[in-house]
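Q: Pasting a structure here, questions to come.
The values are calculated or read from the model by the stated rules, or taken from the named source; none is laboratory data. Predicted, not measured: the structure shown is a model, and the values here were computed from it. Every residue, glycine as well, gets a Cβ built from its backbone with ideal geometry; the counts of neighbours run over all protein chains shown. When the accessible area is computed, the model is the full protein with side chains, heavy atoms only, and any ligands, DNA or RNA have been set aside. Shrake-Rupley method; radii C 1.70, N 1.55, O 1.52, S 1.80 Å.
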Amino acid sequence: MPANTLRAATARLALRDYRKLNPTMSSPSYLFVNHEGIIEAAGLIGDENWLALVDQLHADIAEERAA
C-alpha cells in the first residue's frame, strides 16, 4: 500500500475535538465514520463490536474464495 493511501484515510484533530471523540482517551481504538460524516461505531479494538466486524470480514473473505 502506498504511504499516501493511509494518510488520505486519516484525520488530524485538535486535542479538544479528539477528547470529544475519545473521551476515555483509550488506545487502540476505532471510529467508523460514514460518507455523511456521522459516527457509525466506536470503541476499543477487541471489544464485542470489533470482534463481530472481524468475524464478518473473515466470512466475506471465505465466501469470495469459495466463489
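Q: What number of residues within region 50-67 satisfy the criterion of being loosely packed, with under 10 Cβ neighbours inside 10 Å and either in contact with a Phe, Trp or Tyr (Cβ under 8 Å, 6 or more places away or on another chain) or not in a helix (DSSP H, G or I) (or both)?
A: 1
Q: Quick one: in region 29-49, which of the residues that are within 17 Å of TYR18 (Cα to Cα) and over 11 Å from the mean Cα position of the chain (by Cα) is most open to solvent (accessible area, probe 1.4 Å)?
A: Among residues in region 29-49 that are within 17 Å of TYR18 (Cα to Cα) and over 11 Å from the mean Cα position of the chain (by Cα), the one most open to solvent (accessible area, probe 1.4 Å) is ILE38.
Q: Just for region 1-21: of the residues that are over 13 Å from the mean Cα position of the chain (by Cα), of a type outside the set (Lys, Arg) and assigned to a loop (DSSP other than H, G, I, E, B), which one is modelled with the highest pLDDT?
A: ALA14
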